[in-house]
Amino acid sequence: MAARPAAVIVERAYKYYGKKDKPDYKPVLNYLSMTVEKGTIYGLLGASGCGKTTLLSCIVGRRKLDAGSVWVLGGKPGEKGSGVPGPRVGYMPQDIALVAEFSVRDAVYYFGRIYGMPMQKLVERFEFLTNLLDLPSGGRLIKSLSGGQQRRVSLAAALVHEPELLILDEPTVGLDPVLRERIWDFLNEVARGGTTVIITTHYIDETKQAHKIGLLRDGQLLDEDSPNEILRKYDCATLEDAFLKMALRQHEVSTRRRSTLTASPDVIPDSSIVDNVDSRYQSREEFNIVTSSTDMLNTKENITDRRNKSKARYKAVLIKSIQQFSRHPGGLIFSVLFPIIQVVAFFMAIGNDPKDLHVAVVNEEAASSPYGLDICKNESLVSVVRNDDDTCDTYMLSCWFLEEMEKRNLFQVPYNTTEEAKQAVASRSIYAALHFSHNFSSALDKRVTEGNVNDDVLEDSNIAVWLDSADYQISNFIKLQLHKTYEKFTKRAMIACGRNEDLVQIPVRFQEPIYGSMDSQVVEFMAPGIMITIIFFLPTIVTSTLMISDRLEGVWERSAVAGVRAREMLHVHCGLQAVVILMQTLEMMALAYLGYSLPSKGSLFTCGALLFLQGLCGMCYGFLLSVLCSSYSLSFFVSTGSFYPMILLSGIVWPIEGMSAGLRAVALALPFTIPSQSLRDIMEKGSSITAPEVYNGFLITLGWIVLTLGLCFLRLKYKKT
Ligand SMILES: Nc1ncnc2c1ncn2[C@@H]1O[C@H](COP(=O)(O)OP(=O)(O)OP(=O)(O)O)[C@@H](O)[C@H]1O
């Protein structure tokens, strides 16, 4: 074979994963050198875990070597204008790395769009690849395809833009022999046209068709040469035999080395690691001269070109994200329906008075009357009469009390003794027990008119109540209702006796509240905090899920190799999420203010702006989770684990004034606490953005946005790979 210029050169490459002080720290690429000539097919062979994928990811510029150097198409991967990662490479990773919600056509078009291919060309190319690779129908979704079909679509996506360098990580695995043959014929054809192909495969036999093959074992390239030359050199009839021989030789060498080394044999001493500057080629020009490469760096790409390319990438990622989002059943439900469901659930479930509560009543007063308990059913038998001498005769006041009590949705269940009544409370359908003494009315009358009465009279005029306080909310509700019943009942009795109705009320008079209303509801108190938590956590979940799925499915990685910048992905995601958050904000406000008549004394725009910013803050928190967590489950645990403390400490459930000073300081710094108060102040007090209690809510929200983005940035910057 005539000497050709090199397309890829790897020199003395070392690559490590993990930390130096760990016992399993050893090179994945171990002093590896390889050369791939232009317009040839290079078959990279090696057992699972020997470092093939790592080597390829260093060639496409997604990983950096710890030592040694890589030259690709006349430049160093990642170098400005090198086109690598970018349009000069077509990369098919080992994983399918396609969005599951893509159709076959979308998947191929996505990469075509990234490279800025015109539509007409894209359609033609898709048709060609469909025939070549026997692709399933263009409308079928990736997630509904078999593994082999997905692999073919993935290969088509790598071939769509006719790149100069094709890097294919096991493209033929699981394909039938006829199709494999067709793919190899095609690769030979593109290689004849000048395309360079690096292909990894487990099928040793098919590499006979490669121009050069290299055997990788334990991060070392045992040999690289043309298949015929390898057969000749190792004096074997088949490549399998030749590789067996090479592997055995390496094994013998390393066993000998191991017996002479005291240190871990797999760890190359630091001193032997050469730096990147030790490359044979100090500059691109030198590389081109020495390797006869004619590759030109396009560093002077004009601004319009650069903008157009970037625009094409933005468009591709935008279309991808919309397809991904709109076809993901969870995405739509989460984003559009969940805010409605959650707000409606909140308003329907919270704040309504408990109904149909039953209390056990032992009414000795009625029981001792000639009519028994039935006396209370006959209005005319209950008498409160004002006499001429201004005194008042009262009879069966307990019936009036119970009548008022039933108007407040507390229904009586009669019992004969207090013991029986108290036992009934244990049954859970009865929430309290009440007792009226046999002379309740006369004792109460005496207590009110005479004032100075003995303990027995006092005792008889009391209504004894035993509550089931284990049920905190209900028992508080019953206490409140009994107080209100007492107020109503005494007013009625005082009016009947011709007295001032306020005479026996507690001498504390609540005036019209400064803010809020006399009948302020718990729902109005809780609603701002609930709305903020909903708008915060939906984008958190959506963002972390989409980001982690893009990363785990390899879509992010593959897009990056195609040239999509991380910031372009992020901008598109943020833009789309912002639209969704805006929609959620409007949805929630319409429901809360129009549907459930929440007060809105202040500016609705300020309320909306605060909610919208909280949504963005949730999205940034989602970003942080996606960069910190390696899996969905971990991100789910962290988001759920942080969700509850944030809500519990936010003052929505319990006032922060009840917390210790230290805990209160923590609570105030959390993203919901002050913003919830701010939103409440805008709604209930009509406070404006210039009031500290409102702008503090905005400041803390912005502070969290900056903090979470800063942590994401630091994490990405200092992540090793
Ligand atoms: N991100 C990572 N962190 C730590 N170790 C890694 C990482 N990626 C790969 N490795 C380890 O590096 C070694 C080489 O992995 P690599 O994926 O390059 O092998 P491979 O030859 O492509 O294997 P296969 O054919 O099974 O894909 C393996 O032992 C693997 O466990």
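Numbers for the structure displayed
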| quantity | calculated |
| --- | --- |
| Any hit, region 184-194, residues being within 16 Å of the ligand (Cβ to nearest atom) and either within 43 Å of the chain's Cα centre (by Cα) or closer than 24 Å to ILE96 by Cβ (or both) | no |
| Hey, GLY90 away from the ligand (no atom under 16 Å from the Cβ), open to solvent by less than 10 Å² (accessible area, probe 1.4 Å), touching a residue at least 24 places away in the same chain (Cβ under 8 Å) and within 19 Å of MET34 (Cα to Cα) or not | no |
| Lone qualifier among ALA421, ALA432 - being assigned to a strand (DSSP E or B) and in contact with a Leu (Cβ under 9 Å, 6 or more places away or on another chain) | ALA432 |
| For LEU98: the one exception among (1) away from the ligand (no atom under 16 Å from the Cβ); (2) assigned to a loop (DSSP other than H, G, I, E, B); (3) closer than 27 Å to TYR203 by Cβ; (4) more than 34 Å from the chain's Cα centre (by Cα) | (4) |
| The listed residue being touching a Gly at 6+ places or on another chain (Cβ under 9 Å) and closer than 19 Å to ARG558 by Cβ, out of LEU215, LEU222, LEU165 | LEU165 |
| TYR109 open to solvent by 40 Å² or more (accessible area, probe 1.4 Å) and either within 29 Å of SER146 (Cβ to Cβ) or away from the ligand (no atom under 16 Å from the Cβ) (or both) | no |
| Residues being open to solvent by 20 Å² or more (accessible area, probe 1.4 Å), in a loop (DSSP other than H, G, I, E, B) and within 16 Å of the ligand (Cβ to nearest atom) - total across region 1-50 | 13 |
| Region 584-608: number of residues that are hydrophobic (A, V, I, L, M, F, W, C) and surrounded by fewer than 14 Cβ atoms within 10 Å (Cβ to Cβ) | 4 |
| Filter result for ARG558 (open to solvent by 60 Å² or more (accessible area, probe 1.4 Å) and either in contact (Cβ under 8 Å) with a residue 60 or more places away in the chain or touching a Gly at 6+ places or on another chain (Cβ under 7 Å) (or both)) | no |
| Residues of region 51-66 satisfying the condition of being in contact with a strand residue (DSSP E or B) (Cβ under 7 Å, 6 or more places away or on another chain), within 8 Å of the ligand (Cβ to nearest atom) and of a type outside the set (A, V, I, L, M) | GLY51, LYS52, THR53, THR54 |
| Test: residue in region 232-242 that is within 51 Å of the chain's Cα centre (by Cα), among the β-branched types (Val, Ile, Thr) and open to solvent by 30 Å² or more (accessible area, probe 1.4 Å) | no |
| Pick from region 195-208, criterion away from the ligand (no atom under 16 Å from the Cβ) and closer than 22 Å to SER48 by Cα, ranking: most open to solvent (accessible area, probe 1.4 Å) | LYS208 |
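The values are calculated or read from the model by the stated rules, or taken from the named source; none is laboratory data. Just so we're clear, the structure is a prediction, and the values are computed from it rather than from any experiment. Neighbour counts are summed over all protein chains in view; Cβ atoms, including those assigned to glycine, are modelled from backbone coordinates with ideal geometry. These accessible areas exclude ligands, DNA and RNA; they are computed on the full protein's heavy atoms, side chains included. Shrake-Rupley method; radii C 1.70, N 1.55, O 1.52, S 1.80 Å.
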